[in-house]
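FYI, it's all coordinate maths here, none of it is from the lab. All figures in this text were calculated on a predicted structure; none of them were measured in a lab. Counting neighbours? That spans all protein chains shown, and the Cβs are built from the backbone with ideal geometry, glycine included.
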Amino acid sequence: MKAASLSQFDFNLLLAFEAIYAERHVTRAARRLNVGQPAMSHSLARLRAAFDDELFVRHAGGVQPTPRAIALIEPISVALSAMRSVVEGNRRFNPQKDARTFRVVISDDLEMGLIPVLMAELAAVSDGLRLQTVSANSGRDLDLIDMAQVDLAIGIFPDGGLHHKRRVICDLEPYTVLYDPAVTGFSAPISVDDYVAVRHIAIESRLMLNERIDKALEAFGRRREIALTTPHALAIPFMLKEAPLIATMPRRTAVTLAPRFGLDVNALPFSFPSESILMIWHESHGDDPASLWLRERVMRVAKRIQARDAAADRAVPAACLTLPADTSAVG
């Protein structure tokens with residue numbers, strides 16, 4: 001698009017671009033902006049002419065962005081965020097009086113531990129504050145942030161750009177094995193031989209974790225078999241009660257689930273690094289009063305949960321969380 005044509009450019013087209021990119025579907029994008037499907041199709045045609053590119057091509061179940069569209073989404077999102085700030089003004093956020101819906105990307109295992117406490121915090125402040133969680137998807141979490149579709153993402157994020165601001169909300173979280181001793185026949189502490197002897201359940205949103213576990217096992221000349229990949233971490237305990245399977249999960253999640261389902265938790269029987277739980281947001285939200293308030297509440301809730309979990313860990317039977325005597329030596 002030539003600079004000389006900027007004064008004639010309809011900036012509403014950027015809203016259409018953002019909606020189509022987010023929905024990957026022209027009709028859903030029209031519904032999102034409360035316009036008719038023909039009007040959205042017309043906006044797409046004008047966008048294609050303005051940027052001299054197809055931008056979105058037909059794909060099974062909707063449309064897929066072209067490389068040009070993928071390159072455009074970040075600067076367009078930044079521009080729209082700046083324009084929204086100007087239009088909405090820099091008024092102060094009053095949590096006791098203001099109505100606000102916060103949208104947070106989070107996996108269901110982290111949601112189980114964090115969101116109930118956060119909701120109690122919000123409810124204690126005002127009836128006008130609401131929370132909407134969005135299921136974590138390792139391929140699109142950062143896209144949702146870039147498109148200003150969410151206020152925060154909470155999880156493990158090895159990637160990200162300079163415009164993605166991050167803060168550690170939980171200390172390094174070790175991974176553990178969750179299993180049913182009656183179904184698998186295992187007893188703590190389990191060995192590497194035990195770990196690879198049965199099939200595994202993998203969490204879809206932790207694709208990077210699964211790859212790293214497999215590489216760690218390769219270093220010991222071992223290989224595991226994944227029987228099931230699921231996006232629903234909270235369905236895993238039910239599966240472990242029925243079939244000889246095991247799952248690798250963050251310790252905090254595993255220790256919470258184990259006593260409720262009659263399961264056992266064991267440290268990984270090989271050396272594997274822990275990871276920090278982060279919250280991540282777009283730099284354009286850095287000074288937004290409501291976003292600042294939400295981030296501080298998340299930090300406060302995370303500290304309360306860590307203190308509670310530390311006390312709970314002391315009450316867990318030692319045999320349930322026993323590490324092999326030498327974690328570097330694998331049998």
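Among bridges DSSP assigns within the chain, what percent are antiparallel (round to 5)?
Values: 23 of 40 bridges.
Beta bridges within the chain, antiparallel portion: roughly 60 percent.
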**Q.** Shape category assigned to segment 43-190 from the gyration tensor of Cα positions, a/c cut at 1.5
**A.** oblate
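Longest segment of the chain with no trypsin sites (Lys or Arg not before Pro) in a DSSP loop having at most 10 other Cβ atoms within 10 Å? Display every interim value, and only then the final one.
Numbers: sites that count: LYS2, ARG91, ARG92, LYS97, ARG223.
That would be 98-222.
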**Q.** Protection-proxy order for peptides 188-194, 117-123, 16-22, 158-164, each taking the mean of Cβ atoms within 10 Å per residue, highest first
**A.** 16-22, 188-194, 117-123, 158-164
Q) Which angle between 0 and 90 degrees, to the nearest 10, do you get for helix 12-23 versus the longest principal axis of the chain when only C-alpha atoms count? A) 20 degrees
Q: For segment 1-85, take the alpha-carbon Rg, divide it by the Kirkwood Rh, and send me Rg/Rh.
A: 0.94
Q: Kindly provide log₁₀ I(q)/I(0) values, in the same order as q = 0.12, 0.16 Å⁻¹, from the Debye equation applied to equal alpha-carbon scatterers of segment 136-242.
A: -0.55, -0.88
Q: Name all residues of segment 274-305 having a backbone nitrogen under 17 Å from the label point set 7 Å from the Cα of GLU74 along its Cα→Cβ direction, giving them as ranges.
A: 280-286
(Q) What do you get for the angle between helix 67-88 and the principal long axis of the chain? Use alpha-carbon atoms, 0 to 90 degrees, nearest ten. (A) 70 degrees
Q) Relative to the longest principal Cα axis of the chain, at what angle does helix 108-125 sit, 0 to 90 degrees, rounded to 10? A) 60 degrees
Q. Which loop-located GluC sites (Glu not before Pro) does segment 158-243 contain, where loop means any DSSP state but H, G, I, E or B and the Cβ has at most 11 other Cβ atoms within 10 Å?
A. GLU225, GLU242
Q: Over the alpha-carbon set of segment 195-252, work out the extent along each principal axis and list the three values in angstrom, largest first.
A: 31, 22, 20
Q | Surface/4 of the Cα convex hull for the chain, nm² | A | 20.0 nm²
Q: Could you sort out which of LYS215/LYS303; LYS215/LYS241; LYS97/LYS303 sit more than 30 Å apart by Cα distance in this structure?
A: LYS215/LYS303
Q: With +1 on each Lys and Arg Cβ and -1 on each Asp and Glu Cβ, and nothing else charged, work out how big the dipole of the chain is about its Cα centre, in Debye to the nearest 20.
A: 740 debye
